[in-house]
Every structure is written in structure tokens, then in C-alpha cells.
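Step one of this worksheet: look at the structure below.
The numbers here are math on the coordinates, done by the rules we state, and not lab data. Predicted, not measured: the structure shown is a model, and the values here were computed from it. Glycine gets a Cβ as well: all are built from the backbone with ideal geometry, and neighbour counts include every protein chain shown.
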Amino acid sequence: MELLVVLVLVGIVASLATLAVGDGAERQVRSEADRLAGVLRLARDETMITGQAERALGLRRDGYSFLELVLLDDATREWRPVTDTQLGPHPIDQQIVELDLVVEEKRLALPQTSGWEPHIRLSNTGEMTPAVITLRKPGSTIERHIEVGADGRVEVLDAQPED
């Protein structure tokens, strides 16, 4: 009888562990969305504190990075990735998470790996380019949305935001 009770308890614990772990896809998408939203808030706050005027988030299919506008000479300016470990380039495994970007109700095609271009600009007053960044598991319905408001609000949502 004691052996049966132990086997039942082991079975229950094993089934709960299996449900908690699953295939991990939802957790990976959720974790990546939370990370991106967190560093977007950090970059917004840092831009407001330091007063830097020219900063943006650049997205590619293989990752994202915050960018600074660098003056090369009197007539030439160029967007370059921030060299900070938190805000600098962050790679994304495209087999686990794919990115999608909608700015001003237009879906933008993200480049694969060629350079960085600014997509969401950050103002030193806290304002940002309104956008929706979608992170999803390829070939799945698992997705998370990051809604960026013009007022600098950054929210992670389970469902697609309504217009």
C-alpha cells in the first residue's frame, strides 16, 4: 500500500513538472518580449536623464539594438549601435522567435542582417514613435506584443492591441 501511495505521488509530481516545462516556446517568447520591453524602458529613461536627443531602436529579423546618431563630420551623420551591454546589439534565434513591426499602422519589412536603421525614435522628453512589436514562435500561434505609445508608454500584451 505504501508503495502505491509513493508511486501515485511521484506520478503527480512528474505530471506537474511536465506541464510546467512544456516545450518552452511560450516561455522563450514571453522572456524575450519582457527583455525587449524592459530595455526599451531603460533606454527611454536613460535618454530622458542624460538629455541625449538622438537615440532609436533598430530592429532586424536576427535581433535588435539601440542606436545613437553619430556626427562623422559637418555634413555626415550615421546611426551606430550603442556600445552598452544592455542596450547594444542583442541577437535573436529566428527558429525560436521572429519579430514583426507595425509603425503608424504600416507593417515594415525588417532587414535580415545588413546594418542598423532606426525604427522607433526616443525623445529626451520621453516621447517615442508609436509602434507595435510582435514576437512569435515561427509556425505557431504563440505570440506577445509590445505596444509603444507616443507618450513613452511600453506595455507587453498577450493579444494584438486594438486601434
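Remark: R30 falls outside the filter, which requires a residue to be at negative phi, surrounded by 14 or more Cβ atoms within 10 Å (Cβ to Cβ) and either touching a Leu at 6+ places or on another chain (Cβ under 6 Å) or without any contact (Cβ under 8 Å) to a residue 12 or more places away in the chain (or both).
Table: residues versus (1) surrounded by fewer than 18 Cβ atoms within 10 Å (Cβ to Cβ); (2) part of a strand (DSSP E or B).
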{"site": "Q94", "(1), (2)": "yes, no"}
{"site": "R121", "(1), (2)": "yes, yes"}
{"site": "H145", "(1), (2)": "no, yes"}
{"site": "G152", "(1), (2)": "no, no"}
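Note on the stretch 55-91: residues that are over 20 Å from A109 (Cα atoms) and touching a residue at least 60 places away in the same chain (Cβ under 8 Å) total 1.
Taking the criterion of being small (G, A, S) and not in a strand (DSSP E or B), the residues of the stretch 123-143 that qualify are S123, G126, G139, S140. From the list L67, L57, L87, the one residue that fits, being within 17 Å of the chain's Cα centre (by Cα), surrounded by 13 or more Cβ atoms within 10 Å (Cβ to Cβ) and more than 30 Å from T141 (Cα to Cα), is L67.
On inspection, R107 does not qualify as surrounded by fewer than 19 Cβ atoms within 10 Å (Cβ to Cβ) and either touching a residue at least 24 places away in the same chain (Cβ under 8 Å) or at positive phi (or both).
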